Amino acid sequence: MVFPPGLVQNILSGRCFVLVGAGPSCEVGYPSWERLANAVFGEVAAAGKASDPQAYTDMLRSRQFPELYSGRQNSDQAIS
C-alpha cells in the first residue's frame, strides 16, 4: 500500500494521525469480530462451559460481539 507523501509528512510532523480499523487486519489474516466470536463460542460450547447457549446464539445473530466476550448482559457470569 502506498500512501501519498503529503499524508506521511503530516503524520510525521504530528499534525494528524492514522486510525486503522479491522479491515487491514482482516486482509493480513486476523479474524473479524464475527469470525472470532463464532470460534470462541464454538470452543466454549464444545467444552460444555456455555452458561446459556441460547443467549450466546442470540448475541451472535444480533452481532453483539463485545457482550458475547464479556458474558451475558445483566450478568456477571463470563463466557469462559
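The values are calculated or read from the model by the stated rules, or taken from the named source; none is laboratory data. Bear in mind the structure is a predicted one, so any value in this text is a computation, not a measurement. Using ideal geometry, Cβ is built from the backbone for each residue, glycine included, and neighbour counts are taken over all protein chains shown.
For the range 51-67, the set of residues classified as more than 19 Å from the chain's Cα centre (by Cα) and either closer than 14 Å to residue 33 by Cα or part of a loop (DSSP other than H, G, I, E, B) (or both) consists of 51, 52, listed by residue number.
For the range 23-31, indicate whether the set of residues that are in a helix (DSSP H, G or I), modelled with pLDDT under 85, under 24 Å from the mean Cα position of the chain (by Cα) and small (Gly, Ala, Ser) is non-empty. For the range 23-31, residues in a helix (DSSP H, G or I), modelled with pLDDT under 85, under 24 Å from the mean Cα position of the chain (by Cα) and small (Gly, Ala, Ser): present.
Scanning the range 35-57 for residues that are modelled with pLDDT of 85 or more and exposed (fewer than 14 other Cβ atoms within 10 Å of the Cβ) gives 35, 39, 42, 43, 46, 47, 48, 53, 54.
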